[in-house]
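Scroll down for the structure; my scribbles are underneath it.
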Amino acid sequence: MRSEPKRVTHGFPPVYDGRSRVLVLGSMPSPKSRELGFYYMHPQNRFWRMLSAVLGERLPPDIAGRKELCLSHGVALWDVLAECTIAGASDSSISDPLPNDLDRIFRAADIRAVFTTGKKAFSLYGRFFPESIPAVCLPSTSPANRTISEEAMLQEYQRIAEFL
């Protein structure tokens with residue numbers, strides 16, 4: 001069953017502090033993430049497994065632990081978009097996008113690299129922030145992306161560690 005497009009707003013703040021060195025951006029939180037109020041919260045999303053492995057840490061079981069994992073390792077998290085029209089979690093359906101104010105992170109932290117979790121976030125970042133740090137496109141960790149194995153995905157995500 002396909003979801004009907006609807007206008008959604010992001011709904012929760014970025015994760016960052018003055019020690020953040022890497023910014024990881026998605027496009028827009030999934031319905032499950034918006035419901036739970038935090039990033040990559042669909043149970044089949046592979047983001048937290050990838051990031052924990054890259055950082056050499058155990059997978060935190062809760063939101064507080066996931067925030068601490070990011071902050072203690074210099075990783076900032078947000079999404080390119082503040083709002084858009086979207087059908088379910090389908091990035092390909094995004095229309096009428098409005099960007100977040102990423103400059104607030106760039107002003108507060110010495111961001112050395114920007115990574116996007118998927119092609120749509122990469123495309124949107126390039127569209128809205130052409131003068132900012134060029135982004136590196138990592139594979140989407142969405143449950144819908146089964147074109148890449150966990151091993152190959154982890155190899156790509158290891159690039160984050162080079163900047164921490």
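Figures for the structure shown
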read-out	value
Segment 101-139 - residue that is open to solvent by 60 Å² or more (accessible area, probe 1.4 Å) and either in a loop (DSSP other than H, G, I, E, B) or of a type in the set (Ser, Thr, Tyr) (or both) and, of those, nearest to His42 (Cα to Cα)	Ser123
Single match in Leu98, Leu77 (criterion: open to solvent by 50 Å² or more (accessible area, probe 1.4 Å), assigned to a strand (DSSP E or B) and within 23 Å of Arg7 (Cα to Cα))	Leu98
Residues of segment 10-60 that turn out to be of a type in the set (Ser, Thr, Tyr), modelled with pLDDT under 95 and farther than 14 Å from Ser140 by Cβ, as a count	0
Enumeration of residues in segment 37-74 that are more than 14 Å from the chain's Cα centre (by Cα), open to solvent by less than 60 Å² (accessible area, probe 1.4 Å) and in contact (Cβ under 8 Å) with a residue 60 or more places away in the chain	Ala53, Val54, Leu55, His73, Gly74
Cβ-Cβ under 7 Å pairs, at least 6 apart or on other chains, segment 140-158 side farther than 15 Å from Gln44 by Cβ, far side assigned to a loop (DSSP other than H, G, I, E, B)	Glu156/Pro139
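The values are calculated or read from the model by the stated rules, or taken from the named source; none is laboratory data. These numbers were taken from a predicted model, which means no experiment stands behind them. Using ideal geometry, Cβ is built from the backbone for each residue, glycine included, and neighbour counts are taken over all protein chains shown. Ligands, DNA and RNA are excluded from the accessible area calculation, which covers all protein heavy atoms including side chains. Shrake-Rupley method; radii C 1.70, N 1.55, O 1.52, S 1.80 Å.
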